[in-house]
Amino acid sequence: MNKLILIILIVGMAIMPFFSFAENETELYAKSGRVIEVDTEHDSVTFVDSVGFEWTFIGAEDWMVGDWCAVIFDTMGTDIIFDDVIVSIRYENW
């Protein structure tokens, strides 16, 4: 019986690294922004949010200065906004 328990423990410890028990530490939030620059040479768009932070994303086609965008961000599990990542962008004009 002790050998069976020992084998189960060894097998369990061997496969444990392949499973993640950590909680998802990221959090999503939304912002709106107004496009302030479209760089077709580098295929990037820069927008400013309501606080005044500037953000840049790739994909300049169809964007124009003055367009509004709805953006979903991921906090990446930190309280610092400067490492947040853009997850999704949608055109917000009518």
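Assorted remarks:
- Residues satisfying the stated conditions in region 36-94, i.e. touching a residue at least 40 places away in the same chain (Cβ under 8 Å), hydrophobic (A, V, I, L, M, F, W, C) and assigned to a strand (DSSP E or B): 70, 71, 72, 73, 87
- Matching residues, region 78-94, being over 17 Å from residue 30 (Cβ atoms) and either exposed (fewer than 11 other Cβ atoms within 10 Å of the Cβ) or hydroxyl-bearing (Ser, Thr, Tyr) (or both): 78, 79, 80, 82, 94
- Flag not set for residue 26, criterion: in contact with a strand residue (DSSP E or B) (Cβ under 7 Å, 6 or more places away or on another chain) and modelled with pLDDT of 95 or more.
- Condition check for residue 75: in contact with a strand residue (DSSP E or B) (Cβ under 8 Å, 6 or more places away or on another chain) and surrounded by 14 or more Cβ atoms within 10 Å (Cβ to Cβ): yes
The values are calculated or read from the model by the stated rules, or taken from the named source; none is laboratory data. What you see is a predicted model, and the numbers here were worked out from it, not measured in a lab. Don't worry about glycine lacking a Cβ; one is built from the backbone with ideal geometry, like all the others, and counts go over all protein chains shown.
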